Amino acid sequence: MPTTVVIYLFPEVEILDFAGPYEVFTTASRVFKRRNPGSDELFHVVTAARAQSIVRARAGLNVMPDFSLQNCPTPDLLVVPGGVVDKEVSDQQVIHWVRCRSREASITASVCTGAFILAEAGLLQGRAATTHWEDIADLRAQFSNVLVREGVRWVDEGKIVTSGGIAAGIDMSLHLVSRIAGAELAVATAKQLEVQYSDA
C-alpha cells in the first residue's frame, strides 16, 4: 500500500513550501518504480484545501487542489506548509481539521510558518519545533509551551516533524523519505532532484 501524503493548500501559501515536498515525494515514487518495475507507487501525493476550487498562492500562482477538506483521503503523512498563515491560525474549521487529521496520520509535518498552525492545533505542546528564522521570535512569544529551536533545517519529534523556511521543506521531506523508505532511496531521490542530501 502506498503512503498517502496530503498537502494542505490555502490562500497566500508559500509556493516552495508545498511544491518542494510535492516534488520530493513524487520523485521518490518515480525513482522507486524505476528501480522496482511492476511495484506499486511508494507515495500517493494529493493536495487539499477548504474547497475544491482554485487557491491563489503567494506571488499570484493559481493552484487547483485535488480535494476539499471534507472529501480528501485519510493521510499517512500530513504536510502543512507555511506562507501568510494568520487567517489559517484563526480559522477553527482548519485547526480542527488539522488536529483530527493528525490523529489519523502516522506523521504530521510542517514547513516554515506552518508550525504556527500545528501549534494552534495543540500539536507542538511540550515538543521541540522550528520555523523560518524570521518567525522564531514570534513562535516563542505566541506559544510558550513549544520548545522552539533555531539554526536547524528540521526537527524530528517522531509523530511531529517541523522544518525551517521554504527550501528547508525539501531537506525535511528527504529526511522523511529516508524514515519511511530508507536512506538509499532518499540519496537517490536527492540525486535525481540535483540537491544536496544530508540526513542530519
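The values are calculated or read from the model by the stated rules, or taken from the named source; none is laboratory data. Computed from a predicted structure; not experimentally measured. Heads up, the Cβs are rebuilt from the backbone with ideal geometry, glycines too, and the neighbour counts pull from every protein chain shown. Heavy atoms of the whole protein, side chains included, go into the accessibility calculation; ligands, DNA and RNA do not. Shrake-Rupley method; radii C 1.70, N 1.55, O 1.52, S 1.80 Å.
Considering only the range 97-141, state which residues are in a helix (DSSP H, G or I) and under 17 Å from LEU77 (Cβ atoms).
TRP97, VAL98, ARG99, CYS100, ARG101, SER102, ARG103, GLU104, GLY114, ALA115, ILE117, LEU118 - these are the residues of the range 97-141 that are in a helix (DSSP H, G or I) and under 17 Å from LEU77 (Cβ atoms).
Given the options GLN196, GLN125, GLN142, name the one that is surrounded by fewer than 16 Cβ atoms within 10 Å (Cβ to Cβ) and modelled with pLDDT under 95.
GLN196
What strands (runs of 3 or more DSSP E) completely inside the range 1-91 contain at least 2 residues that are surrounded by fewer than 23 Cβ atoms within 10 Å (Cβ to Cβ)?
Result: 3-8, 43-49.
Identify the single condition in (1) in contact with a His (Cβ under 6 Å, 6 or more places away or on another chain); (2) open to solvent by less than 30 Å² (accessible area, probe 1.4 Å) that LEU185 does not satisfy, given that it satisfies every other one.
In the conditions (1) in contact with a His (Cβ under 6 Å, 6 or more places away or on another chain); (2) open to solvent by less than 30 Å² (accessible area, probe 1.4 Å), LEU185 misses (1) alone.
Looking at PRO73 and the list (1) more than 24 Å from ARG140 (Cα to Cα); (2) in contact with a helix residue (DSSP H, G or I) (Cβ under 9 Å, 6 or more places away or on another chain); (3) in contact (Cβ under 8 Å) with a residue 60 or more places away in the chain; (4) of a type outside the set (Val, Ile, Thr), which single condition is not satisfied?
For PRO73, the exception is condition (2).
Looking only at the range 153-166, decide whether some residue is out of contact with any strand residue (DSSP E or B) (no Cβ under 9 Å at 6 or more places or on another chain), farther than 21 Å from TYR22 by Cβ and either open to solvent by 10 Å² or more (accessible area, probe 1.4 Å) or β-branched (Val, Ile, Thr) (or both).
There is no residue in the range 153-166 that is out of contact with any strand residue (DSSP E or B) (no Cβ under 9 Å at 6 or more places or on another chain), farther than 21 Å from TYR22 by Cβ and either open to solvent by 10 Å² or more (accessible area, probe 1.4 Å) or β-branched (Val, Ile, Thr) (or both).
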